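Below is one structure, written out as structure tokens; the observations come after it.
The values are calculated or read from the model by the stated rules, or taken from the named source; none is laboratory data. A quick note: this is a predicted structure, and the numbers were derived from the prediction, not measured. Glycine also receives a Cβ, built like all others from the backbone with ideal geometry; neighbour counts cover every protein chain displayed. For the accessible areas, the whole protein counts, side chains as well, though only heavy atoms, and no ligand, DNA or RNA atoms are used. Shrake-Rupley method; radii C 1.70, N 1.55, O 1.52, S 1.80 Å.
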Amino acid sequence: METAALLTHVLPLALIAAVSPVMFVNASRVTLAGGPASGARFAGGAWSVLVVLGVTAMGVMGAAVTELVKRELASRWVDAFLAVLLLAYGGFQLARHRAATRHGDSDEPDVDRALPSTPGGITAAGALGMATNFTSLPLYISLAQLVGASALAVWAKFTMLAAASLVVLTPAWLPAVLAVATAGARLPSETGTIRARIMHVARWVSIGSCFVGGALILLHVIMG
């Protein structure tokens, strides 16, 4: 797959994978409480998960598998599985929301209410947040294995994966960058109303990301 064609598949997946309101909310809370350094630790934890998954997907699914079967066939089988996984998770979230609405309950996305304050705890929280990000991870794994199965040079593969990872990590590192850019100015604490609105949007964004991301991956599978 040529670089231009690869980018047309990888970039949309990275952008959709970066839509993670819950990750952004948690990163913002950590940054507001402990400053940019704490925000950077949180982002570092999230980054560590992507490094492991990205290198594994790019190597195992992109290189080892291609030695056994054709590159595009391997890529399509993996993509088809990830697309089904995403669509199923989107359907699960939608069904849960409808059931909660009928019973008058809340299906608010999980957001850590008591985030840790120690450096190690903050890093671990970032890693856990990314490891349980079931909307972003299938998309990230899909783009990583596409990069690995491409005909690019090794250095170019790692460069593209690093760039894609930076995009996917935007919700984790952006709060720390904004804190630095505002020279330490603190934003007002979140109120119950603001938090409820954010979580309402987060729920629908997560559902939409699953369906749109799954559809994009399936389109790649069908179009080849």
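When you look at T193, is it loosely packed, with under 15 Cβ neighbours inside 10 Å, at pLDDT 90 or above and assigned to a helix (DSSP H, G or I), yes or no?
Criteria not met by T193.
Tell me, which residue of region 121-149 that is free of Cβ contacts under 8 Å to residues at least 60 places away in the same chain and in a loop (DSSP other than H, G, I, E, B) is surrounded by the most Cβ atoms within 10 Å (Cβ to Cβ)?
Checked region 121-149; the qualifying residue surrounded by the most Cβ atoms within 10 Å (Cβ to Cβ) is F134.
Just the residues that are open to solvent by 20 Å² or more (accessible area, probe 1.4 Å) and of a type in the set (S, T, Y), please, taken from region 28-50.
S28, S48
Tell me whether region 60-76 contains one or more residues that are open to solvent by less than 50 Å² (accessible area, probe 1.4 Å) and at pLDDT 75 or above.
no
Restricted to region 24-34, and to residues that are hydrophobic (A, V, I, L, M, F, W, C) and at pLDDT 85 or above, which residue is farthest from L50 (Cα to Cα)?
Step by step, filter region 24-34, then rank; the result is V30.
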